Structure formats: C-alpha cells, structure tokens
Amino acid sequence: MRHPTPLTWERSLIVLQKEIHALRSASTWDSYSVDFKKFRDWAIEQNIEPCKVTVDDIKSFIHVQSEKEYSSRSLNRLLSFLRTFFRILKKYGYRDTVPTLGIKNFKEVQLLPKAFTSSEIHSFFDMSGSAESAGADGGADGGADGFAALRDTVLFSFLYTTGARISEALSLLVGDVCVVPSHLQEESTKAGYSSYVQKLGERAVEISDLVHRIKIKGKGGKYRYIFFNDEMRALLRTYLTEYIRNLKATDRKIDTNIHMQELSKEGLSPIHEQILYTRPLFINLKGARLTRRGAGYLLNKWLRTLSTHNAPYRASSARYSEKTLHSFRHSFATHLLNSGVDLRYVQEFLGHASVGTTQVYTRLSQREVIEAYRRFHPHA
C-alpha cells in the first residue's frame with residue numbers, strides 16, 4: 001500500500017536514518033549518510049525525485065562515479081547502500097519496486113590484508129612498552145603525555161590481542177571490562193540495579209572482575225565474544241588507574257577523593273558508579289570518547305616514530321606506512337592461522353558470517369611461507 005505522504009529527499013533521509021539506527025551500528029550510519037548525500041546531490045542535479053528513480057538512473061549514477069576513478073570495491077559499496085535504501089522505501093510504502101534489481105556487482109581485485117609480520121609486531125610493541133612504563137610510573141608527574149602514551153599502548157594491544165574492529169573497541173565502556181561491584185550484584189533483584197544494568201546495556205550482564213572475555217556488538221548487530229589474556233588484563237588495570245587520575249583532572253563531577261576504590265569489590269556510591277562505569281573506555285585528553293580519526297592519527301604518529309628512530313627498521317618504513325588500525329585485526333588472524341589455529345575458530349573470533357571471508361588470511365599466510373622459502377632456501 002502506497003504511503004500517503006509525498007516523498008522528498010529530506011523525508012527519505014529521515015526514513016533511512018530511523019531504520020538504520022534501529023538495526024545497524026553508528027559506523028554504518030556514518031557510511032550510509034555519506035553515500036546518501038552523494039546520490040541525492042546527483043539526483044537533484046538531474047531533477048529526479050526519490051520515488052521516480054529507475055534502474056537506468058542507478059546505472060547512470062554508477063557510471064558517473066566510475067569515471068571519477070572509484071575502485072570496484074567503492075562502487076560495490078555504493079550499490080549495496082542503494083539496495084538497502086530502496087528496500088527501506090519499499091518497506092514503508094513509498095515505492096512499489098526496487099530499482100537496483102538486476103544490477104550486478106563489479107568484479108573486485110582481491111587485495112590481501114596489510115598485516116604486520118611477527119618481527120614488525122614485536123618491534124612495535126617493544127617501542128610502546130617503554131611508553132607504557134612511563135605512563136604507569138609517571139603518576140601525577142607523567143601528566144597528560146604519560147596517560148596518552150599508556151592509552152595508545154593499551155588500545156593497540158587490545159586490537160591485536162582480541163582481533164576487535166576499531167569501531168568495536170572505541171564503543172566499549174569502562175563497565176565492559178571492569179568489575180561490577182559486589183554490593184550491586186547482591187542487589188541485582190532490586191529495581192535500582194536493573195535500571196543501572198539497562199543503562200550499561202546487555203553486555204553488563206557478562207562483566208566480572210577485569211574479565212577474560214567481553215561480549216561485543218559487531219557488524220549487522222551481531223554479538224560475539226572477544227578474549228584477552230592475563231597480560232592484557234594487567235595492562236588494563238594499569239590503564240584504569242591512570243584513567244581515573246586523568247579523569248579527576250578533566251571532569252569536576254568526579255570526586256577528588258576517588259582512587260582505586262573504583263576497581264575494588266566494595267565499589268562506590270551509585271552516582272560515582274554510574275559516572276565511571278558508563279564512560280567510554282578509550283578517551284582523549286579532554287575525557288571525551290576517542291574517535292576513529294583520532295586513533296588513526298595516533299597510530300600514524302607511532303609508526304613514524306618507529307621507522308625514524310629505530311635504525312634496523314628504517315628500511316621497512318614503506319611497509320610501516322601501509323599499516324592502518326585494521327592491520328592489528330589482520331595480524332591477529334594471520335598469526336593465529338600461522339600457529340595452526342583452525343580456520344573455523346578464527347572465523348568465530350573475528351565475527352565473520354562466512355568462512356569465505358576468513359579464508360583470505362590463509363592466502364596471506366601462504367604468501368609469507370613462499371617469501372620465506374625464496375629468501376632462505378639456497379635453491380629457491
């Protein structure tokens with residue numbers, strides 16, 4: 001049944017936003033909003049209304065984008081957005097048909113993920129280890145620089161140890177990795193605690209004292225567990241100690257008498273618990289959630305330092321410049337497979353819906369084996 005309200009581009013954006021926010025992650029919306037603006041601007045130039053878009057219009061738009069030297073991967077992402085967009089309009093009765101039907105994806109060149117080698121990852125964390133010590137030992141004298149260096153080390157270690165996406169890591173709250181105080185657990189049947197858990201989200205149910213695993217929400221709204229070891233837990237505890245100290249300096253709502261009691265079984269008053277446990281785990285120096293762009297900037301700074309000040313790795317500076325935040329996730333998968341971990345387990349760790357997506361890492365592992373053979377075997 002046709003929707004009685006006329007569909008404008010402004011109205012279609014509202015419908016899209018409502019549906020995506022209900023079903024997808026914030027990062028999905030960020031991507032879709034950019035794609036929507038791109039298509040809307042082109043359609044307005046052509047004087048095309050959203051309910052009048054045809055399959056030929058879609059093909060013309062994609063052709064224009066291809067002339068701008070968009071990669072096949074980028075064009076397929078645009079097509080994916082358009083399919084979702086017009087399905088939503090049909091769902092709400094604004095259209096009778098979906099104009100993307102019959103349009104096939106472009107063939108993509110399969111690019112191997114840019115992972116760190118084992119030696120590169122060791123040299124990276126050897127360098128960050130000194131910054132970790134500075135942050136842990138500097139205390140108040142370490143100041144903002146000491147906290148920032150420690151935070152960077154924890155973030156990068158977390159990405160490599162768990163294989164989490166950067167968006168998943170940056171969405172975490174302190175309460176996701178920290179203790180739910182025992183006095184709250186004892187009062188779990190009371191309405192106050194139920195309300196508190198609801199504010200933290202479903203993941204709060206899974207929390208124990210600096211847990212070995214966290215239940216996170218990944219792509220497509222799917223939940224999975226990520227795991228970390230005792231070394232990562234110790235690093236998180238050190239970080240949270242400095243986190244609280246830094247927070248006291250940036251947020252007046254935090255009582256100046258608060259110290260490591262936040263992480264003890266006794267806990268704090270409900271107001272302090274809510275302030276602390278509902279805060280983002282990874283923050284900038286102003287106490288706000290660290291953004292993906294900010295994290296990318298920090299990684300580039302660390303990689304420049306590594307390639308500039310470590311003589312043995314200057315020759316690898318070009319390889320380091322190729323690395324991104326996602327390289328930690330690629331390295332996590334590649335190194336597990338190189339160690340003989342079953343592909344299905346790696347698929348589960350990464351949260352891939354299809355094992356075919358995970359298989360790209362087997363190709364990467366095979367390439368490293370071939371390179372090692374060619375480099376070291378006398379008859380290669």
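Since every read-out is calculated from the coordinates, none of them should be taken as a lab result. Note that the coordinates shown come from a computational prediction; the quantities given were computed from them, not determined experimentally. Glycine also receives a Cβ, built like all others from the backbone with ideal geometry; neighbour counts cover every protein chain displayed.
Data for the structure
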{"item": "Total formal charge among the other residues, if their Cβ is under 15 angstrom from that of residue 40, Lys/Arg +1 and Asp/Glu -1", "result": "-2"}
{"item": "Inter-site label distance for residue 9 and residue 126 at 7 Å from Cα along Cβ, in nm", "result": "5.5"}
{"item": "Ascending count of other beta-carbon atoms within 10 Å, so fewest first, for 242, 19, 322", "result": "322, 19, 242"}
{"item": "Cα-centre dipole for the stretch 14-99 with unit charges at Cβ (Lys and Arg positive, Asp and Glu negative), debye to 20", "result": "360"}
{"item": "Charge sum, other residues only, whose C-beta stays under 10 Å from residue 103's C-beta, Lys/Arg counted +1 and Asp/Glu -1", "result": "+3"}
{"item": "Full-stretch length increase - residue 300, residue 117 - with 0.36 nm per residue and alpha-carbon distance subtracted", "result": "64.1 nm"}
{"item": "Residues 151, 363, 224 arranged by fewest to most Cβ contacts within 10 Å", "result": "363, 224, 151"}
{"item": "Extension gain (nm, one decimal) between residue 342 and residue 104, 0.36 nm per residue minus Cα-Cα", "result": "82.3 nm"}
{"item": "Percentage, to the nearest whole number, of Cα pairs in the stretch 1-99 over 23 Å apart", "result": "22"}
